[in-house]
Every structure is written in structure tokens, then in C-alpha cells.
Amino acid sequence: MKNNLLREILTMSKLLFQVLFLQVIFATFLYAEETSAQNKSVYEIKVSIHAKDVSVIEVFKQLEEKTDFLFTYNDENIDANKVTLNRRNKSVGEILEDLSGLTDLRFKRINDNIHVNRSQAKNVSVEENYLTRQEFTVSGTVTDEDGAELPGVTVLIKGTATGTVTDLNGAYKLAVSDADALVFSSVGFLTQEVAINGRTTIDVAMNYDVQSLAEVVVTGYTSQRKADITGAVTVVDAEALNAIKAPSFSQKLAGRATGVTVSNSGSPGGGTNIRIRGISSFGSSDPLIIVDGVQIQGDKAMNGLNPNDIESMQILKDASASSIYGSRANAGVIIITTKQGKPGKIKVTYDGYAGVQNPVGGYNDILIKDPVDYARIQIAKNPALTNYYGGDPNNPVIPDYFFPVATSDNGTPDNADDDFLIPANPNEASYSFPDNLIMRSNKDGTDWWDAVFDPALITEHHFGISGGSENATFSSSVGYLKQDGTMINTGFERLSARLNSRVNSGKFTFGESLSVARSETVDQQGGNQNEQNTVTQTLLMNTIVPVYDVAGNYAGGKTNGFSNGKNPVAFAKNNKHDIGTDFRVLTNIFGEYELIEGLKVRSSFSVDFRQNFQPSANFPRYEDREVNSSNSYQETHQTYLNWVWTNTLEYNKKFGDDHSLKLLAGQEGVKNQFKQINGQVNDLAFIDPNVRFLNLSYSTFSSIGSQERVVALSSVFGQVDYSYKDKYLVSGVVRRDGTSEFLGDNRFGVFPAVSVGWRVSEESFMNGVSFIDDLKVRGGWGITGNQNIPVSYNAYDRYGGRSPSDAGYDLGGTGGSMTPGFTLYRYGNPNTKWEENESMNIGLDASLIDGKVSVVFDVYQRDINDLIFDPTNAGSAGNSQASFRNVASMRNTGWDLGLGYRERFSGDLGFNAFLNLSHYKNEIVKLDGEASAIFPAGIDKRFGEVNVWQVGSPISSFYGYTNDGFFQDAADVAALDQAGAAIGRFRRKDLNGDGVINGDDLGVIGNPHPDLTMGLNLGLDYKGFDFSVMLFASIGNDIYNYNKLFTHFGQFNSNMSKDVLTDTWTENNRNASLPKLDGGDTFASQSSDFYVEDGSYLRAQNITLGYTIPTAGISSISSLRVYVQAQNAFTITGYSGIDPALSNANIGTAVDGRLQNDGWTGYDLGNYPASKIFMIGVNAAF
């Protein structure tokens, strides 16, 4: 893995720096062109101006675009009056004279700057001066409106890249000329422009951008002021998001946005399920993610995006906000914009960290380690088993060797009443592999968790370079991440690069975004949340078994009565060369042209290209009780090519002071292509990774296959936004999508939405309410769709080659020789149609007490109809697979509340707190036909159904019996007709009251959906120090602890929990939580509420302490910060498992090639736990 990636690093680095060099040269050239001096008089330079009822500043901007002049002025000298000025091929001087007559302004030109001041005269000619630049030093202090010094304020000479940044005391110093003007800017404050006018000291008090109402956010194919949003949109603080260090942005999102839940495991590079306002489909509930115009859906890992590149993020949560994306917005939309260049000098940044990871918990905290304790449990369960290891049953003696061993019945497998006969110690010299294995007992007990999990390193380094001028900017970055897994021989490694640029030339704007990433991943064998994976083997293996046998080969439970688990160390080490390689390119190019004032046309074309290679080797396991003596090797190659071409026409116009109108019309084409080829062979001649190829086999391919899927969408859409006096807001959207997934009249879907807003704070009756800065109520309704079907070509019957047992033909008429045939593989359904998600939302936005307090509250209901699923065919349909059809309806209701508080107590001390609370309720409201429940395939059902999708209950509800204590005596046993009833065993609750316990008493026993999720972010800064804490809580969710089948009931003779030693029912312990140890009790392990636990937890997701080092006097460093960070530092929970934050992303056993997701939420079966991470890092800018 390391060598392969190093080669890629060298190749990509060479290409990257070539492109970087060209881009910097390109930007520098543009910058030089744009800032060249003009020597002509203003009366010699002719332009055309078309300005109708616009502000004077808009006229200045037009002249700046058409010439090299820059206008400098103090805001108080420019009134808000509108002017109309249409001049064709007139000199700049003449235009300014006319403007002087309309506005009482006079103009003084000094070199390339035109200074604007008030005048008593009309139509004043332009005074011109050509000065040799004579520099002098200006200095000063920048404060906020309360007088507190502001560090980190950018101070630029207008129109140039020359500037500086204020130090910790708010002071700055800069070489300027008298003709210059300074521009002061900082996040959270209004930008100010100040003319020099011969002064050597300029102090500036910056005003807070109190409500941030002028902030422009991307909400679809366009952008709008935050103040004008009428849908449910969350703007994520990208700076706070990136304060948490993680490989993927999705891993950072938990608790950062109301209504958004995140599910992921601790597996490096693993997938994440992001859910916006709950589960929205029986199939995929993945939101549409848009990165710089590139549309991505269904990629749970998002490893192709370096989260350090993110500059802004918006989450569109309801249909009125997201329906502009139609059929792809059923589960919400996340819009990400990566970092763009800013006008000014070239800026170089470095961000890096290194840390150590440890699992948040381990099975060694739960399981028995002493082999003697384990023997006592086995003897208690089976009193006839008088000597599990041999010797006194009350004092078991651990043999020196446990294999080979003799038994009274000559080794009949799994005979529970075997007497183990300890032979004389074997002669280790007789050992031969694999025919004569010898395994020595580990009398101290093997800590299998400790053997598989170790502290692991994580490190990341990110370099950025950006800059440009007013009309040309660029931003580039390169990043490297290496995360070793806490499970040995797992890990994730990524090299990424990004190039963004933007050029404005008059009415034209061009831009591009290019991202390239290559990653390598080694996951645990068997995948996550699977009985056959490495994590589960750590609890299956008996502790008497050592990691290695006497010859240093892997040991196993190759003895009667021992577990059938596999050696997890062998699992992990044999898996280390199964390196999944992913190469990804995300790119978008766009062009925009302003046809007339307010009317612009835009075209963009984006491509998402991805190649994936996944090898998988299976080794012989002679040490296992269930021996596997063959090897196999499989390769899977996948290619994805998705493109989107979007064309829009946008008109934005303000009529007078009261009316604002925005119109958007668009057309879009989407094509998604996927191709896969895979093959597997058995009995390879060589299994060494250096010569591991499919053609090195003694046999032909045991399986080979390929598939291709092409999905196309063609869409038109439109949007109208209207505002009256910035007080009454209306927005309407409609989109028509056509898809290749459906046939006939079902092919096209129309998705409308409408929303309204009322800015109550602008009403006259609110004038006396001083503590309310802004108050807006809003409501919206809309419909989105979903056309995602898990299989391709669902509309058609599909035929394919099958085995003789499935489709055999006696072509020779022999009556015994069958030839494999071609037969119906899957039924088609031409009537499948769109899922439709109808959403209603009512919300409130408020800014209080001079912007110190913010409130966002939403209440919603989502009705999802015509859910697509593939219910099992009737037996008469044969063994062909079922088609997907519209079968059900589901409802989500809930509310989101976001509270914020920000205060600066003095120039040195600041505090902020943000609380996000979310609640949702999921309910299946209808199933087609007479069915009232669906029992989905997925996790193994070795003790019956454990999962039900039932009308009136949420999806992924837990299913089983409800326990009613224990049978305490014979009278209890006689009182209830229950199979297997006996003293000390579980007594089931008779739900229907018929006196008999049977299948009619099975029902919903819990669900994984929380009553409330909470994210609390606290921040404190004092002088150069900053401290932040991020807490996340999930309250009221249940967990189905499937692991108890092994840890408490010893399935397959697995290792068991320490609780079994102390908390089982006995005559003297009738209030125990576990039933009596009874080897004949096959009923206790049936699905019941014993497996269901409260999964609520509170976790400290992030604690950070940083210090910004003063850099005054260090000309090469503009800022330098060091920090320490702890992630998942502590977890408070009552859950008995190792990690209550379970993953439901791509888990379990594949069904028809598909892993499980939302339909199996809340089940704990071999979850790779999250990690506690302690790291140190640095942020620097040059």
C-alpha cells in the first residue's frame, strides 16, 4: 500500500506543480494587465454607459469594468439617489461631468484613481493630476464599534495586492502614496474604504455585520441574500466544521446542523450515511451533494473531496428550498463551495496535524478472559459435562495442550456431553503443517481484542496557494492524509489536489474547478456489522486458544466443544493486501454573460469520473474447527462517469425602492454511467501478493461477471422570487424531469414548490421593540421525487445463464445429463413510477440584541408516497427475483431548533454558544395489498425475524417477544402455555391474552430512532488563546444488541460476558437480569426485548485548545496558530456494548448485491468502533 501510493504521489505531485506553475503565471499575467497605468486623459478614453434608475456606485462599477480606473470615496459622500445615464461612445470625462450635474459630486483624477467628493457646483470638469508615486508610511489601529482591538483584519491598498494584517493589538503599518485608498475587511464586519488624503495615521472602527442579512448564499442554481430565504436552509459554519480534523466532511457534520443526522463507524475511509430530516425511502435516502456544481449522489465515503478545501456549505432541508433539483432532491441537498481566490497578494497556507487513535471501547472490557471461568459456565450449563477441560468439575484444570485431544465418542462434532480425555503431551517434533497441528493452551487467556486492536497514528498535511486581482483570482491546494486503523492492518491513505480559477472580463465571467484524488483503503474482512467480520471473531474465539500454534502458524479452536470462530489476527493479517484503490476527478467549467443589466445567461458542464479496484483473497484455514482447505482470489473493477450540463437564464431587477424580482429559467441534462467487471478463481498456484493474478489458477473461473448501467435525466425548471419592501417575500419553483428508468406516462414527473416569508420586524408596530433586530416567519410547501432503483433495467424482464439446478435442460434426452440454460432471472415491472415526497414547513428566523442572539425554528411534515421496494414473489413465480414496484407510504414529522449566542465582553475576551436540537418521528402509514408488515432480508435470522417494517411503526423496528420476568416456580410454569417453560427461564408476555405464547405474541419491541438529537458548540477566546468544545447527544433511541446471542447465550460455543458469571438466575438470585444457565434452554436466545437496550449517549466529539502566536516583526509569516485537540474524549451512556454510535452505512450481508443501510438501523453486530483521537496541529499563513 505504501509503495504504490508513493509512486502515485511522485506522479501526481509533478503534474500538480506543473499546473500550479502555469496557473500562477496565468493569474499574474492577468493581474499585471489589469493594473497597468493609463496615461491618457479621461477626456481621451471613450466608453458607453447604460444606467437606468441605478445608484451612483453602480455607475462607478461600470466604469471600473470598462477602464483601469478605480473610484475612491467615503460612503457618507454618496447618497442613495438613483440616476439614469445613457451615453454612447463618450469620454469618461464627459460622463463624469454629466454625473456631476445629476449628483452634486466632483471628481479628481490622480494617476489611476478617481477620488469622489461633494461639490457646490454643477457639471464640474474633472481635475487631473499625474504624480510620481511618493510613498510614506501610514499606521493605525483597527477596533470594533465598542473600541476593542481587532486582530486579523485585512488591510489592502485598493486595486492592488499590496496589504497587511492587523496584529493581536489591532495595529497595522503600510507603505502608501497620497493617491491611495485603504480597504479594511474582516469576517463578521462590514468592509470599509478610506482615502489616504495625506494622512499618516488612520484609525478605523469597524461596524458589526449585525444580522448578516446581506450575506449571499447558494440555494440552488442561483444565490440569494440570506435575508430573503423562505425555505428551510441551514448555513453551516465552514470554519467551525474544519476545526474538527477528519478524512471526510460528513464525519464532521454531526451536531453541526439541525435536522441532520450522521452515521459512521471508526473504519478508516469508511462510508457515512447523512440523513436530512429522517429516512425518506425504502431504498436510498442519500442527499444530493453538489460540489462546485458537480452533482454527486450515493457516494457514502466522499473520499474524493478533501474537507480542508471547503469554504461554504448550505443544506436545503425542505421541498420549497430543494425542489429546484426535482427528482434528485428527495432526501435533501447539500451545496458545497470550495475555497476561491481572493483579490490581493498571493497567500500561502499550511495546515497539518498528527495524532494517536484508540478505540472508544473494547470487548476485553466485557468478555471473560480466564479459561477456568469459561469452563465453569460450560459445566453449569451442562451438568453432565463433568470435566470440560478435565479434572474436578468444581475446579477445572486447564490442559497444557488442547489439540490434538481425544474424546469419548471419537470426536463427534458438537456433542455437548463429550468427556474430554487429556492425552499425554504430544511430541512437538511430530508437528507438520497442515496435517499434524499442535496447539498449546494459553492458561492466562488470550485477550483477542488486544491482539487485534492497537493505538494507531493519523496525520494530515494541506498546502494552499491563492490570490489574484479584482478581475482574476485562483486558488490551489494539495493534501495528503494517512490514517492507520486501530484494527491492525486496516487504514486509509489519500493524496488530493484542487485548482479553482475565475476570470471577469467586462460582461463575461469564466471559471473552472478541478479536483483530483487518489485513495487506498484496507477495511476489515467481512465488512462492517457482519457476523463474519473480524470484530465479531474477537468475541467468538475462546481465550484458551493462543494467537499462534507451537510452530508459529495461526492457532484456532480446532477442538470439539470449542468455538467455530476464526482467528481474528489471521483475518486481519491475511487481509492486509486487499487494498481498495479509488481514483476520482471532479471538474466543472462555466461561462456567464450579462446580456443587459440584470439579465445574464450561464452555462456549466461538470464531470464526475471515478475508477475503483478492489481485490479480495481468501486463504486456507486449517486451524479452524470448520476447516477451509482451499484458497480463492477475486478482483472487481468499477468505472463511474457522470456528467451534468446546465444552462440557465436569470433576470434580477429592482423596481423603485419597493419591488424586487428574480426570474430563473433553466434546462439540464444528466447522464450517469456505471460499468463493472469481476472474476473469481479458486486454487491459485501462488497466493503471494506480488504474483496474485486471476490467471494463476489450477482451475477455470469459479465466477465471472460484468454489468453496466446507464441512467439519463432531461429536465427543465423555473423559479420566481419576489420581494415587496424587503418585507413580504414569495418564491415559486417548478421542475419537470424525465428519466430513462421508467416507461410510458410514468417517465416524466413534475415537482412544484411555493414558499412565503414575512419580515415582521419591518412592520411599523415593531418600531418600539428595540431588542429585536430582525424577525421573519416563513412557510413552504413542495414536492420532490425519487427515481433511484437499486437494480438496472427494472422495467424489463431480464434473462441470463443459470446453473443446471436452476435451469437445466436435458438436451440429449438421457434423463440424467443436464445442460445449463438461459432463463428468466428477474421479473420486470413497466408500471413502476416516481416516489413522491410532499413536504410542508413552517419556520421562524430571529436576530436579537444587536445580533448577539439568533433563533431558527422549523416544524415540518413529509409524506413520502409510492415507495419503491421488491417484496418477495409468491412461490408460484418460481425462483426468479422480484421486480421493484411502488408498495408503500411513509411519514416523517418533526421540528428543528437552532439557538446562538455571541458576545465580546472586551477586546480580549469573547464567547459564543450554539445549540442545535432536532426531533423527528418516522412512521410507515400504508402498505399495498393486504400486507401489514414487511420482514426485510439482511442480517442473518438464525433465531427468527428480528426486523419489521410495519404499518403504524417506524422503519427498522425491532421485532420479537416481550419478556415478563422469569418463571420463578412451578406455579408460574403451570399458569402459562409457553413452549420450553421451566423455572429460571424467560417468561414471555401474552400480548393477545389467549393464554398461549406463540407467533401471535411477537411484535415491535423497540426502534432505533431518537426522540431528540443535540449538538452544543461552545467557544471562548482570550487574547491569543482559543478554546472550543463540541458535545453531541442522541436521546431516546434503542439498540438491538445482536452480539448478546454470543456474549450471553454462547452461540457456537463463543466466549461470553462477565455478567454471565454474576447475574444469572439462581434460587439465591431471583432478581437477576439473565436466565438460568441451562444447556437445554433453546428458547432464551429467541428474539426478545432482552436484546433491546437504551442507546442514548452524550459524547464530547471535539475539544480544542489553540494559541495564535504573535508574528509582528516576522515579515514572512502573517499568522501562526498551534493547537491540541481531543476527539471523542469521553462518552456517557448506559449501553452495555462498546460503542453506542453505530453505523448503518453499507452494513450486514449483501442481498442481491446490495448491502444494508437505513432498513437495518440500530443493530449492533460487529461494528468497528469509533476512535478517541488526541492530536497536535498547526495553522500557518505566509
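Take Asp435 and decide whether it is among the charged types (D, E, K, R), surrounded by fewer than 20 Cβ atoms within 10 Å (Cβ to Cβ) and at pLDDT 95 or above.
no
Going by the structure shown, is Ile1114 of a type outside the set (Gly, Ala, Ser) and at pLDDT below 95?
Here the answer is yes, as Ile1114 does meet what is asked.
Within the range 1056-1076, take every residue that is among the polar types (S, T, N, Q) and outside any loop (DSSP other than H, G, I, E, B) and give me the one that is farthest from Thr543 (Cα to Cα).
Ranking the qualifying residues of the range 1056-1076, first place goes to Asn1069.
Looking at Phe884, Phe905, which is the one that is surrounded by fewer than 16 Cβ atoms within 10 Å (Cβ to Cβ) and of a type in the set (Phe, Trp, Tyr)?
Phe905
Filter the range 351-366 down to residues that are in a strand (DSSP E or B) and among the aromatic types (Phe, Trp, Tyr), then give me how many there are.
Final tally of qualifying residues: 1.
Check Leu539 against each of (1) touching a Ser or Thr at 6+ places or on another chain (Cβ under 7 Å); (2) not in a helix (DSSP H, G or I) and name the one condition it does not meet.
Result: Leu539 passes all but (2).
So in the range 25-57, with the set limited to residues that are among the acidic types (Asp, Glu) and over 28 Å from Ser466 (Cα atoms), which one is modelled with the lowest pLDDT?
So, considering only residues that are among the acidic types (Asp, Glu) and over 28 Å from Ser466 (Cα atoms), the one modelled with the lowest pLDDT is Asp53.
Based on this model, can you work out whether Phe463 counts as under 30 Å from His50 (Cα atoms), aromatic (Phe, Trp, Tyr), over 20 Å from the mean Cα position of the chain (by Cα) and surrounded by fewer than 24 Cβ atoms within 10 Å (Cβ to Cβ)?
In short, no.
Across the range 596-627, what is the total count of residues that are aromatic (Phe, Trp, Tyr), in contact (Cβ under 8 Å) with a residue 40 or more places away in the chain and in contact with a Ser or Thr (Cβ under 7 Å, 6 or more places away or on another chain)?
The total comes to 1.
Quick test of your reading of the structure: Phe1027 fulfils all but one of (1) buried (at least 17 other Cβ atoms within 10 Å of the Cβ); (2) under 30 Å from Leu1120 (Cβ atoms). Name the failing condition by number.
With respect to (1) buried (at least 17 other Cβ atoms within 10 Å of the Cβ); (2) under 30 Å from Leu1120 (Cβ atoms), Phe1027 is out only on (1).
Checking the condition modelled with pLDDT under 95, farther than 23 Å from Ala1150 by Cα and in a loop (DSSP other than H, G, I, E, B), which residue from Asn564, Asn530, Asn560 passes?
Sole residue among the options that is modelled with pLDDT under 95, farther than 23 Å from Ala1150 by Cα and in a loop (DSSP other than H, G, I, E, B): Asn560.
Any idea which residue in the range 419-478 is nearest to Ala555 (Cα to Cα), counting only those that are free of Cβ contacts under 8 Å to residues at least 24 places away in the same chain and among the small types (Gly, Ala, Ser)?
Checked the range 419-478; the qualifying residue nearest to Ala555 (Cα to Cα) is Ser432.
For the range 988-1017, enumerate the residues that are in contact with a strand residue (DSSP E or B) (Cβ under 8 Å, 6 or more places away or on another chain), over 28 Å from Pro1140 (Cα atoms) and surrounded by fewer than 21 Cβ atoms within 10 Å (Cβ to Cβ).
Correct list: Asp990, Leu991, Gly995, Val996, Asp1001.
Please verify whether the range 1090-1109 includes one or more residues that are at pLDDT below 95 and either over 25 Å from the mean Cα position of the chain (by Cα) or surrounded by fewer than 20 Cβ atoms within 10 Å (Cβ to Cβ) (or both).
So far as the range 1090-1109 goes, yes, one or more of its residues are at pLDDT below 95 and either over 25 Å from the mean Cα position of the chain (by Cα) or surrounded by fewer than 20 Cβ atoms within 10 Å (Cβ to Cβ) (or both).
Residue check: is Pro371 at pLDDT below 90, surrounded by 18 or more Cβ atoms within 10 Å (Cβ to Cβ) and either of a type in the set (Asp, Glu) or farther than 30 Å from Leu481 by Cα (or both)?
So Pro371 fails the test.
All but one of (1) part of a strand (DSSP E or B); (2) of a type outside the set (Asp, Glu); (3) surrounded by 18 or more Cβ atoms within 10 Å (Cβ to Cβ) hold for Leu1020; state the number of the condition that does not hold.
With respect to (1) part of a strand (DSSP E or B); (2) of a type outside the set (Asp, Glu); (3) surrounded by 18 or more Cβ atoms within 10 Å (Cβ to Cβ), Leu1020 is out only on (3).
Can you tell me which residue is modelled with the lowest pLDDT among those in the range 768-802 that are farther than 28 Å from Thr819 by Cβ and among the aliphatic types (A, V, I, L, M)?
Here the residue is Ile789.
Out of the residues in the range 477-496 that are among the hydrophobic types (A, V, I, L, M, F, W, C) and more than 18 Å from Asn1167 (Cβ to Cβ), state the one that is surrounded by the most Cβ atoms within 10 Å (Cβ to Cβ).
Selected residue: Leu481.
Looking at the range 1145-1182, which of the residues that are aliphatic (A, V, I, L, M) and outside any strand (DSSP E or B) is surrounded by the most Cβ atoms within 10 Å (Cβ to Cβ)?
The qualifying residue surrounded by the most Cβ atoms within 10 Å (Cβ to Cβ) is Ala1170.
Restricting attention to the range 915-922, does a residue exist that is basic (Lys, Arg) and buried (at least 17 other Cβ atoms within 10 Å of the Cβ)?
Scanning the range 915-922 turns up no residue that is basic (Lys, Arg) and buried (at least 17 other Cβ atoms within 10 Å of the Cβ).
Would you be able to say whether some residue in the range 897-904 is touching a Gly at 6+ places or on another chain (Cβ under 9 Å) and under 24 Å from Ser281 (Cα atoms)?
There is no residue in the range 897-904 that is touching a Gly at 6+ places or on another chain (Cβ under 9 Å) and under 24 Å from Ser281 (Cα atoms).
Take the residues in the range 326-350 that are in a loop (DSSP other than H, G, I, E, B) and hydrophobic (A, V, I, L, M, F, W, C), then tell me which one is farthest from Leu664 (Cα to Cα).
By that ranking, first place goes to Ala331.
On the basis of being within 29 Å of Leu1165 (Cα to Cα), among the aliphatic types (A, V, I, L, M) and touching a residue at least 40 places away in the same chain (Cβ under 8 Å), does Ala1100 make the cut?
So Ala1100 fits the description; yes.
Does Ser630 satisfy the criteria of being surrounded by fewer than 16 Cβ atoms within 10 Å (Cβ to Cβ), touching a residue at least 24 places away in the same chain (Cβ under 8 Å), among the small types (Gly, Ala, Ser) and part of a loop (DSSP other than H, G, I, E, B)?
yes
The values are calculated or read from the model by the stated rules, or taken from the named source; none is laboratory data. All of these numbers come straight from a predicted model, not from anything done at the bench. Using ideal geometry, Cβ is built from the backbone for each residue, glycine included, and neighbour counts are taken over all protein chains shown.
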